[in-house]
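Comments concern the structure below.
Throughout, read-outs are computed from the coordinates displayed, never taken from laboratory work. This is a predicted model, so every value here is computed, not measured. Using ideal geometry, Cβ is built from the backbone for each residue, glycine included, and neighbour counts are taken over all protein chains shown.
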Amino acid sequence: MNRSHRVGLPAVAAVAAAALVLSACGSSGGSSSGSKSSALTASAPGITATTITIGSHQPLTGVAAPGYDEIAPASNAYFDYVNAHGGVDGRKIVYKYLNDQYNPTDTVSVVKQLVLQDNVYAIFNGLGTPTHLAVAPFLNQEKVPDVFVASGCECWNAPSTWPETFGWQLDYVREGKILGSYIKQHFAGQKIGYFYQDDEFGKDGVKGLDMEIPKADVVSRQSYDPTNINVGPQVAALKAAGAKVVVSFTVPAFTALLKLNSLKLGFSPTYVVSDVGADPITLAGLLEAYAKQGGAKVSGNALTQGIITDGYLPTLGDTGNSWIALFKKIHDTYIPKLPFDGNVLYGEAVAYTFVQAMLKAGRNPTREDLVKAIQAGLPQGPAVAPYAYSASVHSGMTGAYIGIIKNGVIVQEGPVLTTTTSATSPVSTYTGSAPAAPASGLP
Amino acid sequence: MTLLRHLAAAVVLGLILVLLTIRLDPFRDYQIAEIACYVIAVAGLTALVGWSGQISLGHGAFMAIGAYSAALLQLHWHWPLYVVLLASTVITAASGAVVGVAAARLRGPYLAGATLLLAVALPSLALSDNNLFGGDQGLTVVANTPAFLGASFPLTRWQAWLTCGCALIILVLLANLARSRVGRSWRAAGDDEVAAALAGLNVARLRVLAFVVSAACAGLAGVLLAVTTSIVSPGAFTLTLSVALLTGAVLGGLGSLAGAVWGSLVLVLVPTYVTDVATSHGLSSSAGSNIPVVAYGVVLVVVMLLFPNGIQGGLVRLYRLAAPRVPAPHWRGRAQPESGAPVSPGPAKPPRASASEHSASEHQEEGSI
């Protein structure tokens, strides 16, 4: 009578166990043995005589994917280029980036997979502040190098608690200070409004702005939640406060929404937008798409005209720049289907920095060697200002130039400015000169 | 007798799992923990949908309630883990009671709509107060390996043990509940509400109770997921999760606890396996990242075409084909979903046949008590 029942649980258990064991076996045959004649050894997890395997978490689908999903393929294109030209000390870089959909819980899953199962040497350029904060403690506990996080959060600079973690791009506090000092100089005494994302990104930016802009000038501080696209009330408040300059620490979608809502209300302040939210190609596309959804037709490039922003990599329009020429060449060879925009430039540049760090880490590096190599400082590379890396500082770039969007491209305005994250240190002009890209394209 | 048999099965399963977690690598242990979390949530949903005949598109929200309760209790009051587990489950059960009272008045699509609202609205609530809930970043949940296991004991193995232990307890409890008076009444009310009411059952109370039990399971699953991933964030409890849980229940075999295990295995293993295959075959990232969703759809369509009663229903059918002398299943067996709960994908057999089986075995069961 109960026979069909008895088949139930134990049978399920047995088959489930078999399934797990089988799938475990199926995926654990990765490590290859090195050739005996070479001095290259499997010096660390993820490093064999022939390969360096690194991993990353990236938003390949979901809300953060548009634009940002180009970054990892662009990095991979640069690694392909390096691999095709001899690799790093003869080893080829294998870059495995997994989709976390910009969801911190998914980030935990994919990073555990990369570290515990795929045995990556390092996590490289994990994208996003909320996502990466979810895995930084784990990576540091496991002593996995966590290099060049794709986020400008000041939080990555915490060498005492997170010795393995390194930022790369200009952090939002420095960026806020640089934008703030420009506003203080060029819009002195004018009414200024803030519009920022209500998280570490926006708050860090505001922190930097407040170090430079006099408190009395700021007439309105409006924040938005990235899951709510109705920013009409905030824009109306900025207008009511009479803001003549609106500083916006926003992702591209919300820069576009700010612009369109202002247009609707007949509000036309000067816009100052953080680098992450001001890529002209991405912005123009979003503006046109959103306007179309609302039944209107706008010219994206006309609407982005005059936006003030900053840049920590050479401008895309500067075709005479050796870095732009190099990265454009690699883009055209390996990922011609993607637009050559700010995200692709970012991905290639950060990959270049990783190769620099690997070369410094030595011929048969351990994980610790990579951390030590970066702490000893990295040559400037494609960045417009030097890196701050040292044993006590784990944040990356230290400066940027002010740029103004003209006819869909960012045009550099004035010199490169550098500063620190401290409230007392000034924003000063960078006097050094940027190095040219090596002819070989390899660091 | 039944209780003993379930306990024995749970012990055997538990031993297998302990051996398995020791043999496998840390990431597999992590996956086992993830699967166990899903098993708890899907099993709870099975009780609600498969047995009491209600539907919920909002179970992800109950998981969120459990997970956030746990994080807040731990953060502000520093309660020990076991107390946090229990307290969060009770809190979620209470919220399930509130939703259940409203749900007991609603039927079919209206109930689906109301629970859908829960799934959509609740995660946004977590963004309303960033100081309390931590915004997009969420809150961290700390669950270290207990001291008695030793300092070098792998964290993921301990997490697998904890979640699997909870999952087995829940499965035993639910399996017994299903065979109890409550379980029978649920099925009666789920199959034909009017007949159940005429037979003297308090249908409204039964429906609320089903919601309470189901929400408690979801809450516990939420806490354990938070413990496993060490984070609670709104992004984890989207509508997609709620739908995935229901899909898991249907895929595995609606109304069967073994089906809940199958469903959870599919939910966790298929996406990672497919991603691995896609990346190792050098698919472009834009195609590769969408492949898991496609695979998920394909599995759903194939299972529903081949086994309308889910994986467990299909296995039972195959088993019966291979061993034709097995007598017609007892109603407690795995043929239950064929009686056609309102949301089940449609009976493979004429409903009348299974209904008669049902009532015949019902009599036997009553007689045996």
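Restricting to the protein assembly as shown, compute how many DSSP beta bridges are antiparallel as a %, nearest 5.
40 percent
Computed over neighbours whose Cβ is under 11 Å from that of B:GLU193, the net charge equals 0, Lys and Arg +1, Asp and Glu -1. Net length available on complete extension from A:ILE404 to A:HIS85 is 111.1 nm, with 0.36 nm assigned per residue and the Cα-Cα distance removed. With a Förster radius of 35 Å applied to the beta-carbon distance between B:ARG105 and B:ASP129, the computed FRET efficiency rounds to 0.70. Peptide B:23-31 is shielded by partner chain Cβ atoms: per residue, an average of 6 of them sit within 10 Å of its Cβ. Sorted ascending by nearby beta carbons within 10 Å, beginning with the fewest, B:ARG105, B:ARG5, B:ARG28, A:ARG174 become B:ARG105, B:ARG5, B:ARG28, A:ARG174. Shape analysis of the range A:152-200 yields a ratio of the Cα radius of gyration to the Kirkwood radius, Rg/Rh, of 1.12. The mean number of Cβ atoms from other chains found within 10 Å of a Cβ in peptide B:262-271 is 2, as a whole number.
Once the Cα atoms of helix A:322-334 and of chain A are each reduced to a long axis, what angle between those two axes, in degrees from 0 to 90 to the nearest 10, is obtained? It is inclined by approximately 50 degrees.
DSSP finds beta bridges in chain A, and of those with both partners inside it, around 35 percent are antiparallel. The packing ranking of peptides B:223-229, A:41-47, highest mean first, is B:223-229, A:41-47, where packing means the average number of other beta carbon atoms within 10 angstrom of each residue. For the range A:256-266, putting each phi into the Karplus relation 6.51 cos²θ - 1.76 cosθ + 1.60 with θ = phi - 60° gives couplings of 5, 5, 4, 5, 5, 5, 5, 4, 5, 8, x Hz, in residue order, rounded to whole numbers and with x for Gly and Pro. State whether the range A:173-311 is rounded, prolate or oblate according to the following rule on the C-alpha gyration tensor (a ≥ b ≥ c being the square roots of its eigenvalues): a/c under 1.5 gives rounded; otherwise a/b larger than b/c gives prolate, and the remaining case gives oblate. Prolate shape, in that a/c is at least 1.5 and a/b is the bigger ratio. Would you mind classifying the range B:78-185 by shape? Square roots of the alpha carbon gyration tensor eigenvalues, ordered a ≥ b ≥ c; an a/c under 1.5 is rounded, otherwise it is prolate if a/b is larger than b/c and oblate if not. Here the range B:78-185 falls in the oblate category.
The modelled label-to-label distance for the pair B:LEU300/B:LEU198, using points 7 Å beyond Cα in the direction of Cβ, is 3.8 nm. Normalised by the number of residues in chain A, the mean separation of alpha-carbon contacts (under 8 Å, six or more apart) gives a relative contact order of 15 percent. In terms of the mean number of neighbouring beta-carbon atoms within 10 Å, the peptides B:94-104, A:287-297 order highest first as B:94-104, A:287-297. Angle of helix B:59-72 to the longest C-alpha principal axis of chain B, folded into 0 to 90 degrees and rounded to 10: 40°. Around B:ALA160, what is the net charge, scoring Lys/Arg as +1 and Asp/Glu as -1 over all other residues with Cβ under 13 Å from its Cβ? Here the count lands on +1.
Using all pairs of distinct alpha-carbon atoms, the Kirkwood hydrodynamic radius of chain A works out to 23.1 angstrom. Neighbours of A:LEU139 by Cβ distance under 11 Å: Lys/Arg scored +1, Asp/Glu scored -1, total 0. Protection proxy ranking of B:242-250, B:11-19, A:75-83, by the mean of other Cβ atoms within 10 Å over each peptide's residues and highest first, is B:242-250, A:75-83, B:11-19. Which angle between 0 and 90 degrees, to the nearest 10, do you get for helix A:342-361 versus the longest principal axis of chain A when only C-alpha atoms count? It is inclined by approximately 50 degrees.
Across peptide A:107-115, the average count of Cβ atoms from other chains found within 10 Å of a residue's Cβ is 5.
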